[in-house]
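Everything on this sheet refers to the single structure shown next.
Every number here is computed from the coordinates shown, using simple stated rules; none is lab data. Predicted, not measured: the structure shown is a model, and the values here were computed from it. Virtual Cβ from ideal backbone geometry, glycine too; neighbours counted across all protein chains shown.
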Number of protein chains: 2
Amino acid sequence: MKVKVPKTLLTEHVALLERVIPTRSSNPLFTYLGLALTPDALVLFGTNGEVDLEVRLELPTEGEGRFLVPAQPFFQLVKSLPGDQVELDFGAELSLSSGSFSTRLSLAPDEGYPELFFPSLEGPAEPYPLQTLLPVEELLKALSHVRYAASNEEYRAIFRGVQLEFSEGGLRSVASDGYRLALYRLAKPQPFAKKVVVPARSVDEMVRVLKGMGEGEVALALGPGVLGLATSGSQGAAATGKGQLRMAVRLMEGEFPDYERVIPKEFPLKAAFDVEAFREALRRVSVLSDRQNHRVDLLFEEGRVLLSAEGDYGKGQEEVPVRLEGLPLAVAYNARYLLEALSPLSGQAVLLLSGPTSPSLVRPGEAAEGYQAVVVPLRV
Amino acid sequence: MKVKVPKTLLTEHVALLERVIPTRSSNPLFTYLGLALTPDALVLFGTNGEVDLEVRLELPTEGEGRFLVPAQPFFQLVKSLPGDQVELDFGAELSLSSGSFSTRLSLAPDEGYPELFFPSLEGPAEPYPLQTLLPVEELLKALSHVRYAASNEEYRAIFRGVQLEFSEGGLRSVASDGYRLALYRLAKPQPFAKKVVVPARSVDEMVRVLKGMGEGEVALALGPGVLGLATSGSQGAAATGKGQLRMAVRLMEGEFPDYERVIPKEFPLKAAFDVEAFREALRRVSVLSDRQNHRVDLLFEEGRVLLSAEGDYGKGQEEVPVRLEGLPLAVAYNARYLLEALSPLSGQAVLLLSGPTSPSLVRPGEAAEGYQAVVVPLRV
């Protein structure tokens, strides 16, 4: 049972599995990398119990089989092999050779290794009865724009995930820690209605895998307690350098409490500004802010906002040009929350104030759909 | 009391002090950055009790004084100032302004702040009666080539430092952890004879500061329990972008036990090889080595060395071309020690074997002086 793989193809795809497969685990089998030979592909797979990942490299093979190899030495070796090609020969052991280097790695029996279920690209199929197709780029934005707002606290565990809401109206992602909220709306109608919550750490893995996919579409599928991803990949991995990726992540139980009521609807003041300049100024002024509440005061006036902060070290201030619609207003925020709310934005941003102590909204300059964030002012 | 500083000049030199000044300390004054105005310079200084550092920027100034400012907010602010120039105005507080940003930082009285003594560039002067001039590059090599061999163990604390030996014969640096030894010899005669031991962590700071100095010479001076450094810097810091740096590091008490006897003198086998190729192969093969002793076996034969290792994961082997002088020999090393001994080298390297169980020497391909390392084989 043999296969020959270009070294760069192997290293690039192995790097994705290296993120998922743990160095140590209460289940020692999770520290192994799965390798399967099918008639037309080398399949690499792994899991940490929360996230399962499979990479399929279409290549000419000899023989069929399914093997487990200790992941850590395999990862280390693959990175530094001397040849352009890697030959894998499976028997009682795995013989790996590349250039002048050769090794025999012990293989473990795959008894007890969990069966991993991934969605099919052909359409909904058991155990994934619900399925939708999305542009990779849009799903990536929906996840990465809101991720920062998820909670790190044990308290109200559901907030440690990102909620994905599928409906006729489109796809929405939401994250909150109870103090602020981030949303991303994609207006593309979805073929089913469902709310699921993905653990924030698994969202990080999804983002990492999606980033490696480039453009194209991704199938997103739901099964009982599990969310699956599948990319189309390419025919002939050796020629294109792209394998087919499939992923499954365990979902959290429950869903977010109703958050619509905290999103303000009316805004006596609207301020538009260049987000880079505003963010830089906010970051500088916040250095002087109180180290407990990171308070920065914003005084909105005709054509400018004056940022100021005062703490144990002294005080600082800076002004930034803004375009105001509405009446001048003084308001204060926790600088860290405001900086994080602005973090996914570039170019023009808009801050919509519902009042000096009621929630404010952060949005990109143009879009009505897409990203928005709710930040609550500090009491003055 | 005022000074105007180009932003890049300030940020580059402040970065050196940021490494030294601690975020927290049992002596809270150490968390402050010192700023002094002299008639022709802005002087920045700081200490962590082990390492003192002073940066002198020759600039037009108004007034004279010595101030302490909280270092952390100062460091954070300086990095992100919006203007090209920074104006510092010292009064009851420090007013700092740059572009549209301005701040007032509280100043602390400098009572109780330790007086820092640095060598003079003019020549030996109290409290530094001994002084020598060295090329920056050579001192940098002497320190950085041997640093890795210093011990991290509490046991035999003297080995947690690097010994510098000044004599008529030249300058020598030595580090050891009792299991291996690294040496660097510089044949330039020194104007005094003395052995001192610098804590390895302070060596790291010296290396960092020396790296920023580029070419030229550095004065190295000894006082009671202290080693000092001074660079010539440049006239007119604003034009040249270079300040004058001075540094003082506390020395350790005592000196190394006699190590000459462990350096082998006769070698039945000499192997020369390309160090990159050898190192890569050694690194790959060592992935398979026993995780306790990292043993890699080396079989030297005519024209090649066969590296092999075997551990829980399996076994691996690779051969590398070598030029042998002497009889074929089998020997085994801890791969980590051998890799570290080779780490300062590039191009051609030589391994000199005194026998299969007695100490070996690692050297660069050509030089008789310069770097050498002693590595002891594992018992076969």
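Tabulated data for the structure shown
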| read-out | value |
| --- | --- |
| 7 Å along Cα→Cβ, label-point gaps from B:Thr240 to other copies, nm, shortest first | 6.0 |
| Charge dipole (debye, nearest 20) of chain B; +1 at Cβ of Lys and Arg, -1 at Cβ of Asp and Glu | 660 debye |
| Percent breakdown of C-alpha pair distances by 20 Å bin, ordered from the shortest bin, for chain A | 26, 45, 26, 4 |
| Using θ = phi - 60° and Karplus 6.51 cos²θ - 1.76 cosθ + 1.60, couplings along the range B:298-304 (whole Hz; Gly, Pro as x) | 10, 10, 7, 10, 3, x, 7 |
| Cα convex hull of the range B:327-380, projected area averaged across orientations, nm² | 3.9 nm² |
| Amide proton proximity set for A:Glu93, modelled H, under 5 Å, gap of 5+ | none |
| Exceeding the 22 Å Cα-Cα cut-off - candidates B:Lys4/B:Lys211; B:Lys2/B:Lys79; B:Lys2/B:Lys211; A:Lys315/B:Lys2 | B:Lys4/B:Lys211; B:Lys2/B:Lys211 |
| Residue-averaged beta-carbon neighbours from other chains (10 angstrom radius) around A:314-321 | 6 |
| Cα centroid separation - the range A:273-328 against the range B:177-227, whole Å | 48 Å |
| Max mean-square fluctuation residue, GNM over chain A, Cα-Cα springs under 10 Å, options A:Val146, A:Val196, A:Val287 | A:Val287 |
| Dipole moment magnitude, nearest 20 debye, the range A:263-375 about Cα centre, only Lys, Arg, Asp, Glu C-beta charged | 220 debye |
| Residue mean of other protein chain beta carbons inside 10 Å, A:275-283 | 2 |
| Positive-pole candidate from B:Leu140, B:Thr103, B:Ser151, dipole of the range B:87-177, charges at beta carbon | B:Ser151 |
| Other-copy label distances relative to B:Lys194, 7 angstrom Cα-Cβ extension, nm | 7.6 |
| Dipole magnitude of the protein assembly as shown about its Cα centre (Cβ charges: Lys, Arg +1; Asp, Glu -1), debye to nearest 20 | 400 debye |
| Loop sites in the range A:193-295: trypsin sites (Lys or Arg not before Pro), DSSP, at most 14 other Cβ within 10 Å | A:Lys265, A:Arg291 |
| Number of partner chain Cβ atoms within 10 Å, mean per residue of A:98-108 | 6 |
| MRE, 222 nm, helices only [DSSP H, n ≥ 4, -39500 (n - 2.57), over chain A, to nearest 500] | -5000 deg cm²/dmol |
| 0 to 90° range, to nearest 10: angle between helix B:275-286 axis and chain B longest Cα axis | 70 degrees |
| Axis proximity, chain A to B: residue whose C-beta lies nearest, plus whole-Å distance | A:Thr23, 15 |
| Per principal axis, descending, Cα span of the protein assembly as shown in whole Å | 85, 82, 40 |
| Percent RCO, i.e. relative contact order, over chain B, from Cα pairs under 8 Å lying at least 6 residues apart | 13 percent |
| Sparse-neighbourhood loop sites, GluC sites (Glu not before Pro) in the range B:244-303 - DSSP loop, at most 15 other Cβ within 10 angstrom | B:Glu253, B:Glu255, B:Glu266, B:Glu302 |
| Nearest-first distances (nm) between copies at A:Pro60, label 7 Å from Cα via Cβ | 7.7 |
